[in-house]
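Below is one structure, written out as structure tokens; the observations come after it.
The values are calculated or read from the model by the stated rules, or taken from the named source; none is laboratory data. This structure is a prediction, so every number in the text was calculated from the model and none was measured. Using ideal geometry, Cβ is built from the backbone for each residue, glycine included, and neighbour counts are taken over all protein chains shown.
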Amino acid sequence: MKKIIIAMDGHSSCGKSTMAKALAKKIGYTYIDTGAMYRAVTLYALRRGFIKADAIDEESLRRELPSVEISFGHDAEGCQYTILNGENVEREIRGMEVSGKVSPISALPFVREAMTAQQRVMGSRGAIIMDGRDIGTTVFPNAELKIFVTASDEIRARRRFDELTLKGESPVYEEVLKNVRERDYIDSHRAVSPLRQAQDAVVLDNSHMTFEEQDKWLMDQYLKAAAE
Ligand code: DC
């Protein structure tokens, strides 16, 4: 089997990462969550006070970005977590505060440039599944397999609501739905690398699919692409 690059793009909260992680584990590939990288930069900017109520202090973020180091670690159960300058920030980057600010931060061209460069290095040896918004269009336009995942916004908000509740947060469904819609809008309308389906991507709408059905669908796509 060829060692390929699998680009998984799509809307927020459509289960991309769950599917991608499951496949990576089964086939021994490295999973890279690029959304976590944008979330880590957002957390950094929040902590440094660069995100104000009505503006982002772009100059300060641009100046400090070279010293923002993002990597991934694995706990005893094999679960991946995100490391920001040596600190495990996995829990914090998934909360509502970071979720509410990550789209404008990820729309900044200099942030995208820095993350894209890091992602290309991470994926340079192949045998990776990279999940994000612009992997098949910008980061790895030559990826052997491109998947574009989507589901209805209400179903995605419900999934995100359940995820936050499980983590002990007390989300309000309407707010989660609003956040999902706002992120869709900003992600699809930004000037640099907007979220869009690559022409050669295979589309998966998993609104009404079980985990087993989508895992099997994805495995079939992988087997086909890696055999070619
Ligand atoms: O996948 P996620 O919801 O954790 O992503 C968080 C945000 O980061 C989302 O609003 C879109 C942005 N993002 C991006 O612009 N490009 C990527 N490759 C991955 C995520």
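Could you check, for segment 150-166, whether at least one of its residues is in contact with a strand residue (DSSP E or B) (Cβ under 8 Å, 6 or more places away or on another chain), within 14 Å of the ligand (Cβ to nearest atom) and not basic (Lys, Arg)?
Initially, segment 150-166 is screened for residues in contact with a strand residue (DSSP E or B) (Cβ under 8 Å, 6 or more places away or on another chain), giving 150-151.
Filter once more, keeping what is within 14 Å of the ligand (Cβ to nearest atom): 150-151.
If we keep only those that are not basic (Lys, Arg) as well, we get 150-151.
For segment 150-166, residues in contact with a strand residue (DSSP E or B) (Cβ under 8 Å, 6 or more places away or on another chain), within 14 Å of the ligand (Cβ to nearest atom) and not basic (Lys, Arg): present.
Against the conditions (1) of a type outside the set (D, E, K, R); (2) touching a strand residue (DSSP E or B) at 6+ places or on another chain (Cβ under 8 Å); (3) within 14 Å of the ligand (Cβ to nearest atom), His74 satisfies every one except (3).
Restricting to segment 6-19, count the residues that are at pLDDT 95 or above and among the small types (Gly, Ala, Ser).
Taking segment 6-19 and keeping what is at pLDDT 95 or above, we get 6-9.
Keeping just the survivors that are among the small types (Gly, Ala, Ser) gives 7.
Residues meeting the conditions: 1.
Across segment 10-36, what is the number of residues that are among the small types (Gly, Ala, Ser) and out of contact with any helix residue (DSSP H, G or I) (no Cβ under 7 Å at 6 or more places or on another chain)?
Residues of segment 10-36 among the small types (Gly, Ala, Ser): 10, 12-13, 15, 17, 20, 22, 24, 28, 35-36.
Those still in the list that are out of contact with any helix residue (DSSP H, G or I) (no Cβ under 7 Å at 6 or more places or on another chain) too: 17, 20, 24, 28, 35.
So the answer is 5.
Restrict the check to segment 57-64 and report whether at least one residue is assigned to a loop (DSSP other than H, G, I, E, B), acidic (Asp, Glu) and modelled with pLDDT under 95. Scanning segment 57-64 turns up no residue that is assigned to a loop (DSSP other than H, G, I, E, B), acidic (Asp, Glu) and modelled with pLDDT under 95. Residues that are surrounded by fewer than 18 Cβ atoms within 10 Å (Cβ to Cβ) and either within 12 Å of the ligand (Cβ to nearest atom) or under 16 Å from Ser193 (Cα atoms) (or both) within segment 123-141 comprise just one, Pro141. From the list Val111, Val98, Val121, Val180, the lone residue that is within 26 Å of Gln214 (Cβ to Cβ) and either in a loop (DSSP other than H, G, I, E, B) or of a type in the set (Val, Ile, Thr) (or both) is Val180. Note on segment 178-225: residues that are among the aliphatic types (A, V, I, L, M), modelled with pLDDT under 95 and over 17 Å from Asp9 (Cα atoms) total 2. With the requirement that a residue be surrounded by 12 or more Cβ atoms within 10 Å (Cβ to Cβ), at pLDDT 95 or above and more than 10 Å from the ligand (Cβ to nearest atom), what does segment 83-107 give you? Of everything in segment 83-107, those that are surrounded by 12 or more Cβ atoms within 10 Å (Cβ to Cβ), at pLDDT 95 or above and more than 10 Å from the ligand (Cβ to nearest atom) turn out to be Ile83, Leu84, Asn85, Asn88, Val89, Glu90, Glu92.
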